[in-house]
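Trainee: First the structure, then my questions, so here it is.
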Amino acid sequence: MQTDEVIQKANEVINLSYLTEPPVDVYALAKTYGLDIVQQPFPQKYQHISGFISVSNGTPKLFINDNDSQNRKNFTIGHELGHWLLHKDNLLNDPNLAVLFRIPLGKLNQDPLEREANTFAANLLVPKSMLDTYRDDKSKRELAQMFGVSEEVIGYRLEHTREIPQDTETQTP
């Protein structure tokens, strides 16, 4: 999937939910798209995992590591929602796809599905339209608090926000 398609999907979720101000309530969005969220502490040997989706008996559940910070939980929910909306068929065939390991946002993840889920989460939690409203008036720390994400995510979004090409049907020659 192309990056622009992933960004468009995140924007579609924002627009269909009539969200215009931060923070984006990813808990409500996950429920809207059929994911039940279960927050629980993960055992010590699984602390490198932030979350995953499990589908049993046809009911998808999004498990979140309760030991993580709230900002990390928000990103994990956005990431897993990205998997659910972008890779649902793949996920149902291979549940291991939905495990979010701790990889810093700026580090290149070799798995294209993980990169897509990260891009989705970053654009869902910090939509360009909302970021553009506040980017010149707030510090990185203030933006992070406002959007409910880490300063790392804000830095990434400030550095990587870009225009999305218009739908070819609506473009004028």
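Trainee: Determine if the range 29-39 includes at least one residue that is surrounded by fewer than 21 Cβ atoms within 10 Å (Cβ to Cβ) and either in contact with a Lys or Arg (Cβ under 6 Å, 6 or more places away or on another chain) or among the acidic types (Asp, Glu) (or both).
Mentor: The answer is yes; a qualifying residue exists.
Trainee: So, one more: Among the residues of the range 135-154, what is the count of those that are free of Cβ contacts under 8 Å to residues at least 60 places away in the same chain and closer than 23 Å to residue 12 by Cα?
Mentor: Of the range 135-154, the ones free of Cβ contacts under 8 Å to residues at least 60 places away in the same chain are 135-143, 145, 151-152, 154.
From the residues that got through so far, the ones that are closer than 23 Å to residue 12 by Cα too are 135, 143, 154.
Residues in the range 135-154 being free of Cβ contacts under 8 Å to residues at least 60 places away in the same chain and closer than 23 Å to residue 12 by Cα: 3 in total.
Here is a yes/no grid of residues against (1) surrounded by fewer than 15 Cβ atoms within 10 Å (Cβ to Cβ); (2) within 15 Å of the chain's Cα centre (by Cα):
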| position | (1), (2) |
| --- | --- |
| 50 | no, yes |
| 56 | yes, no |
| 59 | yes, no |
| 66 | yes, no |
| 70 | yes, yes |
| 73 | no, yes |
| 83 | no, yes |
| 89 | yes, no |
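Trainee: Also, quick follow-up: Please tell me if residue 50 is touching a Pro at 6+ places or on another chain (Cβ under 7 Å) and at pLDDT below 95.
Mentor: Details: touching a Pro at 6+ places or on another chain (Cβ under 7 Å): no; at pLDDT below 95: yes.
Here the answer is no, as residue 50 does not meet what is asked.
Trainee: In addition: For the range 1-49, which positions are hydroxyl-bearing (Ser, Thr, Tyr) and under 30 Å from residue 138 (Cα atoms)?
Mentor: To start, the set of residues in the range 1-49 that are hydroxyl-bearing (Ser, Thr, Tyr) comprises 3, 17-18, 20, 27, 32-33, 46.
The answer is 3, 17, 18, 20, 27.
Trainee: Would you list the helices (runs of 4 or more DSSP H) that sit entirely within the range 100-168 and hold 2 or more residues that are more than 19 Å from residue 77 (Cα to Cα) and at pLDDT 95 or above?
Mentor: Numbers: elements: 112-125, 128-134, 140-147, 151-160.
Result: 128-134, 140-147.
The values are calculated or read from the model by the stated rules, or taken from the named source; none is laboratory data. Only a predicted model underlies this, so the values are computations on that prediction, with no experimental measurement involved. Here Cβ is always computed from backbone atoms with ideal geometry, including for glycine, and neighbour counts include all displayed protein chains.
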